[in-house]
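First comes the structure, then the notes that go with it.
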Amino acid sequence: MTKSVFFISPVKGVMDGQNPELETKLRTYVTGLESHGYKVHWPLRDTKQIDPTGGMVICRTNFQAIIDATEIHIWYDEASAGSKFDMGGVFMLCEMLGRRKKIVIANESEIVDTAPKSFHQVFKYLSGVY
């Protein structure tokens with residue numbers, strides 16, 4: 001079975017070239033996975049971002065890819081609304097519906113989180129870091 005990853009990462013601000021440094025980091029991460037034989041669905045690259053339905057097709061495409069993936073990798077960004085939406089879907093799928101998947105926080109070493117509760121902490125728990 002081919003290992004497959006759905007890669008949750010920011011799209012807004014990256015796709016439009018506003019953050020080339022982050023785009024380079026994300027692309028390097030994806031390329032690294034693919035060089036190790038993973039099939040990666042990266043919404044920035046693999047989900048058509050022009051959506052006349054206002055986002056419904058994007059959400060369906062991403063959630064189907066999340067269901068199909070064997071692993072979920074997250075480039076955690078507290079400011080990314082789309083990432084939080086996708087993480088909510090992952091939470092529902094894994095915790096509420098029992099579809100276990102390996103979860104990896106790709107940029108764990110870069111995250112400073114001192115909040116008493118956060119999505120970051122939820123996904124640290126789901127990834128087995130706690």
Revision key, fill the gap. Taking N as the residue count of the stretch 54-130, its alpha carbon Rg divided by 2.2 N^0.38 Å gives 1.08
Check your understanding: Among K25/K84; K25/K124; K101/K124; K3/K25; K12/K101, which pairs are too far apart, with a Cα-Cα distance over 24 Å?
Key -> K12/K101
Check your understanding: What is the list of residues in the stretch 99-118 whose amide nitrogen lies under 19 Å from a point 7 angstrom out from the Cα of N19, following Cα to Cβ?
Key -> 104-115, 118
Point to revise | Calculated log₁₀ intensity ratio I(q)/I(0) where the Debye formula runs over C-alpha points of the chain, q = 0.20, 0.22 Å⁻¹ | key: -1.29, -1.55
Check your understanding: Leaving out ligands, DNA and RNA, what percent of the accessible area of the stretch 22-130 is carbon and sulfur, probe 1.4 Å?
Key -> 59 percent
Review point. Charges only on Cβ, +1 for Lys and Arg, -1 for Asp and Glu: so what's the dipole of the stretch 29-130 about the Cα centre, in debye to the nearest 20?
Key: 320 debye
Review point. For the stretch 51-130, with every protein chain kept in place, what is the accessible area per residue (1.4 Å probe, Å²)?
Key: 59 Å²
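The values are calculated or read from the model by the stated rules, or taken from the named source; none is laboratory data. These numbers come from a predicted model, not from an experiment. When we count neighbours, we look across all protein chains shown, and the Cβ atoms used for this are built from the backbone with ideal geometry, even at glycine. When the accessible area is computed, the model is the full protein with side chains, heavy atoms only, and any ligands, DNA or RNA have been set aside. Shrake-Rupley method; radii C 1.70, N 1.55, O 1.52, S 1.80 Å.
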